[in-house]
Amino acid sequence: MLAARPLRRLLGRPLAVSYFHTTPTTWASRKVVQKFKLADIGEGITECEVIKWSVQPASKIQAFDPLCEVQSDKASVEITSPFDGVIKELLVQEGEVAKVGAGLCLIEVDEEAVDGADPAAVEPVEPAPASTSTPTPTPEPTQEAPSVPRVEASKPETMSTPPRGLHPLDPNYTPPTSTSSSGGGQRDVLAAPSVRHFARVSGVDLGVLMPGSGKGGRVEKRDVEMFLARASESKTQQGQARHGQGVGVADAGQDVVVELGRTRYGMWKAMEKSLEIPHFGYSTTLDLTALHNILPTLNAHIPPHFLPSSLTPRAPLAVNPSALFPAPTPAQVPESQQYTRLTYLPILLKTLSKAMIEWPLLRASITPSTPASTSSPSPKPTLTIRPHADISIALSTPTGLYTPTLQHANTHSIYTLSAQLRHLAHLGRQTPCALTPAEMPRRGGTVSVSNVGALGAGDFAAPVLVPGGGVAIVALGRAKWVWDVDCGDGRGERRLKMGVSWSADHRVVEGAELAAFVECWRGYVEAPERLIAEGV
């Protein structure tokens, strides 16, 4: 009887009801806080700028919901959530730069959800916040307590659950449209994250600075600084005008400090290094009359694949040359290599390459030093003789001076050289410059050509060699018709003459050797019929 009474008392108390409502809290999954890190997005990117957050602390998120948008110097990427959970803290604010592998935010998630997660993407935060610790057992309630947990347990059931987001690969998924202006207009602008942050703090729209002075049109910090300097100067002039002291920009008489761009600064350094090279100069004139006489014939027989497609094709032949076997048909060249007439330059380059084949010295370049050679007590310099004629062309572009190279010029026809020159000019006119290492190989040419006569009426110049620019450089003057008294049996004759100015590395080329080489070149230029006998 004594044992049965406590049993009836236990059964008579509403303990079963109380424990029924408290067991879900005891059985609930444990909450943990995970640090979500910026993953490697490829292309060698090591840092990104956070340009927009799509969530705020204490906001609930679903898996694949957008977290934030980051911007590298190459692309804009949207980062999505890997879990369902609650945002606890944003570790990187908008406009700040995050390193790859660094934390972006803290997310409170179910412990089971992080099982098998990639450690490179998330890592647990220790110690965990107090709200995420395992709930302590509920003390034994009294007679008046049963209704309290019953009400608290019903609260989560009445709360509205936000709709679950769709996976980005779901056919019904619609990317959210960004209405924020923070970085939206700058998405296609190439700039480093630090430059974007500096521009954002300074209130500068990077879109108005395109293209920048950096590689590939990249906007550099100096571009932003120059823009701010111009804006400050404009405000100053406007203030003077309001006080009756304003003057025009042309009449301001104020000094303006201009920072050199990347390409022009590279030329600055190259010219400084050119002082290390002892130069030997040689000038003469070439008679282009024979070239001028054969030029109409060459223009009348430009191969069809070099002509623009808009031109009327030639009339078909009465007899089909491919009746027995298909004749070779060259592929149509890109539009940037098409032309309608030849100039003197490709012919001069072809004759120059023929002379370079006869003179191996002009196909030589100074062999770059290696660690093994520099470690010897007194390393002797060596020359590398190339099997073909590589000629660099001085090309003036909107972004600076470049020297692309015509490789193996001796193996190309005059028509092909003309197409390559036109293509190089097309790439150089792009902004930013579209020349690539394919057109500008690291070792360059052994002889450089500068066609300064195409820009002015000058006859001669004083070209300068730079380290790595080969062993000689020639500047071509403007071709002019002159009366040559030495021609026409003493009576004189009207001839087309062009001045040429050479500079050679006197450490490699002797003065007599340069003069003899130029005379060899003259033999091809003034008697172009020789090219026919040699099978051009």
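Taking packing as the residue-averaged number of other Cβ atoms within 10 angstrom, the listed peptides 524-530, 416-422 run from highest to lowest as 416-422, 524-530.
Using the per-residue mean of other Cβ atoms lying within 10 Å as a proxy for protection, in what order, highest first, do the peptides 495-507, 194-206 fall? Don't skip to the answer; put the middle values down first.
Numbers: 495-507: 20.2, 194-206: 17.6.
Packing order, densest peptide first, comes out as 495-507, 194-206.
Taking 0.36 nm per residue of separation and subtracting the current Cα-Cα distance, fully stretching the chain between I41 and D205 would add 56.5 nm. A crude spin-label estimate for the pair N299 and A102, with each label 7 Å from Cα along the Cβ direction, gives 6.3 nm.
Extension gain, R491-A438: 0.36 nm per intervening residue step, less the Cα-Cα distance, totals 13.9 nm. A simple spin-label model places pseudo-atoms 7 Å from Cα toward Cβ; at D255 and A290 they are separated by 5.7 nm.
Straightening the chain between N320 and S59 buys 86.1 nm, computed as 0.36 nm per residue apart minus the Cα-Cα spacing.
Please give the FRET efficiency for R429 paired with E78, using the beta carbon to beta carbon distance and R0 = 25 Å, rounded to the nearest 0.05. E between R429 and E78, to the nearest 0.05, is 0.10. For the stretch 441-536, averaging the sequence separation of C-alpha pairs within contact (under 8 Å, six or more residues apart) and dividing by the residue count gives a relative contact order of 23 percent. The packing ranking of peptides 453-464, 98-109, highest mean first, is 98-109, 453-464, where packing means the average number of other beta carbon atoms within 10 angstrom of each residue.
Could you pull out the pairs from K215/K480; K99/K221; K215/K273; K221/K273 whose alpha carbons sit more than 31 Å apart here? Going by Cα-Cα distance, K215/K480 fall outside the 31 Å limit. In order along the stretch 354-364, phi translates into HN-Hα couplings of 5, 5, 5, 5, 6, 10, x, 4, 7, 9, 9 Hz, rounded to whole numbers, per the Karplus curve 6.51 cos²θ - 1.76 cosθ + 1.60 with θ = phi - 60° and x for Gly and Pro. Extending 7 Å from Cα along the Cβ direction at M226 and again at E272 yields two label points whose distance is 1.9 nm.
Rule-based calculations on the coordinates, nothing more; no lab input. Just so it is clear, the structure is predicted and the values come from calculations on it, not from any experiment. Note: ideal-geometry Cβ built from the backbone for every residue, glycine included; neighbour counts use all protein chains shown.
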